Amino acid sequence: MSEAVARLGTVIRRLRLERGISQEGLAALARIDRTFMGEVERGEANPSFDVLERIARGLSLNLSDLIRQYESED
């Protein structure tokens, strides 16, 4: 996958860990398979807009806030 997808996965993982949510827990909140959640976090899968919005909500964020976190990631 691309560098952008890998960076997105890193941001999602960091936010999940900061909130003390397990990967399985976030997958359940986002209504996606845990295996797919792992692929997203490792940058192996490029989530659709719909899935990205559900992940953001699972992290108690607006999609725009998730994107801001992504954009500020070095």
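The values are calculated or read from the model by the stated rules, or taken from the named source; none is laboratory data. In this text the structure is predicted, and so the values were computed from the model without any measurement. Every residue, glycine as well, gets a Cβ built from its backbone with ideal geometry; the counts of neighbours run over all protein chains shown.
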Of all the residues that make up the stretch 5-63, how many are within 19 Å of residue 73 (Cβ to Cβ), in a helix (DSSP H, G or I) and hydroxyl-bearing (Ser, Thr, Tyr)? 1
Filtering the stretch 1-43 down to residues that are within 14 Å of residue 58 (Cα to Cα) and either of a type in the set (Lys, Arg) or at pLDDT below 95 (or both) yields 13, 14, 16, 19, 31, 34
Pick from the stretch 59-68, criterion more than 22 Å from residue 2 (Cα to Cα) and surrounded by 15 or more Cβ atoms within 10 Å (Cβ to Cβ), ranking: farthest from the chain's Cα centre (by Cα): 61
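Kindly establish whether residue 73 is over 9 Å from the mean Cα position of the chain (by Cα), within 19 Å of residue 1 (Cβ to Cβ) and surrounded by fewer than 17 Cβ atoms within 10 Å (Cβ to Cβ).
Spelling it out, residue 73 is indeed over 9 Å from the mean Cα position of the chain (by Cα), within 19 Å of residue 1 (Cβ to Cβ) and surrounded by fewer than 17 Cβ atoms within 10 Å (Cβ to Cβ).
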What pairs come up if the first residue lies in the stretch 29-58 and is surrounded by 15 or more Cβ atoms within 10 Å (Cβ to Cβ), the second is modelled with pLDDT of 95 or more and among the hydroxyl-bearing types (Ser, Thr, Tyr), and their beta carbons are under 8 Å apart, counting only those six or more places apart or on different chains? 41/10; 43/10
